[in-house]
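Taking it in order: structure first as structure tokens, then the write-up.
The values are calculated or read from the model by the stated rules, or taken from the named source; none is laboratory data. Quick caveat: nothing in here was measured; it's all calculated off a predicted structure. All Cβ positions, even for glycine, are placed from backbone atoms using ideal geometry, and neighbour counts span all protein chains on display. Note: areas computed on protein heavy atoms with side chains; ligands, DNA, RNA excluded. Shrake-Rupley method; radii C 1.70, N 1.55, O 1.52, S 1.80 Å.
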Amino acid sequence: MKTIGVLTSGGDAPGMNAAIRAVVRMGIAKGIKVMGIQRGYNGLINGEIFEMNRTSVSDIIQRGGTILKTARSEEFKTEEGRKKAFNVLRVFGIEGLIVIGGDGSFRGAQLISNEHTIKTVGVPGTIDNDLAYTDYSIGFDTALNTVLDAINKLRDTSTSHERVSIVEVMGRKCGDIALYSGLAGGAESIIIPEKKYDFNELCKTIIEGKVRGKMHNLILLAEGVGGAEQLSKDIQEVTGIETRATVLGHIQRGGSPSAFDRVLASKLGAKAVDVLIEEKSQRVVGIKNNEVVDIDIDEALRTIREFDEKFYELANILSL
Ligand code: F6P
């Protein structure tokens, strides 16, 4: 393996820069030329590629976002687009491609390496934490801390006004951001896509809390379940208690990565280089029981997420 490429794809996540840095510096340490590919698969198709050196990744470990930029490429979803991308990889002499992103980006890597002679390795970078094969993805921990900071602030104002406060966080199919930040932030209720919730029960909990003397009521809502604005109106109408909605949105995707994400990204970026040096292909790297692992990409994408019932139950018991 003489030359490898690295790109970031899909939604950005804090810690992606730390992963790029690890790829570049580990690659160079092992005598490999590392090419940076800008704007995800779109940039690959367009040949937006440049050679990286140790200083190209100086002063980025602490930065959110991705210095390589990112995109969700429609063209790469087509066979034609992937053929173009492969031709570009060949012209630049890139034999191995490291893709930092989520499941959609991994599917792209899986397809191009099935159709062409290019070795691929996926590094999990998404705040959603929705990749079942790895315990954590890069960016999740930082996003949690961002949500927690917002919860702490909302708690102050909700207590002063004795209001219900709904915090809508990201997570279309996976409720991990809501669940973990809900537990850590002491939320009264956590509503996630993995679990059906009963609106009447929710209102009952709010009313009972008020009667018991609760000064506020904090609800963590994952975006995949529905909008916070509507829920807030419905709750206010039924309980008669003033309710406000806050949608945190893309704030959750930014910010300086936490120590956990920087360390995770450094370990996984370096491991991805090692996997390519071993001439393996169609792999993804991740963290399982505190061990850095690499597994087959088909197996990784087939793995169905097991919902952590015990953790959910704990969050519910502690919220009462
Ligand atoms: O997959 C990451 C994510 O932030 C999701 O949590 C969210 O639903 C989505 O991306 C938002 O996408 P966009 O950046 O295209 O608005």
> Once both labels are modelled 7 Å past Cα along the beta-carbon direction, what's the residue 256-residue 314 spacing in nm?
Replying inline: 2.9
> So which helices of the chain fit the span-like rule, where a helix is a whole DSSP H run, its Cα atoms reach 30 Å or more along the axis, and its mean Kyte-Doolittle is at least -1.0?
Replying inline: 140-161
> Of all GluC sites (Glu not before Pro) in the stretch 66-171, which ones are in loop regions per DSSP and have a Cβ with at most 11 other Cβ atoms within 10 Å?
Replying inline: 74
>> Suppose a student asked you for the relative contact order of the chain, using Cα pairs under 8 Å spaced at least 6 residues apart; what percent would you report?
In response: 23
>> Pick from 265, 245, 22 the residue whose mean-square fluctuation is largest in a GNM of the chain, springs joining Cα atoms under 10 Å.
In response: 245
> Over all directions, what mean area does the Cα convex hull of the stretch 141-253 project, stated in square nanometres?
Replying inline: 6.1
> Per residue, what accessible area does the chain have, given a 1.4 Å probe and all protein chains present, in Å²?
Replying inline: 44
>> Using only the Cα atoms of the stretch 249-292, what are the Rg and Dmax in Å?
In response: 13.3, 40
>> Let me check I have the definition right: for the chain, take the eigenvalues of the Cα gyration tensor, multiply each by 5, take square roots. What are those semi-axes in whole Å, largest first?
In response: 42, 18, 17
>> Over the chain, with a Gaussian network built from C-alpha contacts below 10 Å, which listed residue (87, 289, 145) shows the highest mean-square fluctuation?
In response: 289
>> Multiplying the sequence separation of residue 291 and residue 207 by 0.36 nm and subtracting their Cα-Cα distance, what value in nm do you get?
In response: 25.7 nm
> What share of the DSSP beta bridges in the chain is antiparallel, in percent to the nearest 5?
Replying inline: 25
> How high is the FRET efficiency between residue 115 and residue 75 when r is their beta carbon distance and R₀ equals 25 Å, given to the nearest 0.05?
Replying inline: 0.95
>> Is there a quick way to get the dipole size of the stretch 141-253? I mean about its Cα centre, with the Cβ of Lys and Arg at +1 and of Asp and Glu at -1; what is the value in debye to the nearest 20?
In response: 60
> Roughly how many percent of the accessible protein surface of the stretch 148-275 is carbon and sulfur, given a 1.4 Å probe and a whole-percent answer?
Replying inline: 52
>> With a 10 Å cut-off between alpha carbons and a GNM built on the chain, which of 132, 259, 178 moves the most?
In response: 259
>> Output needed: percent of Cα pairs per 10 Å distance bin for the stretch 46-143, bins running from 0 to the one holding the longest distance.
In response: 13, 42, 35, 10
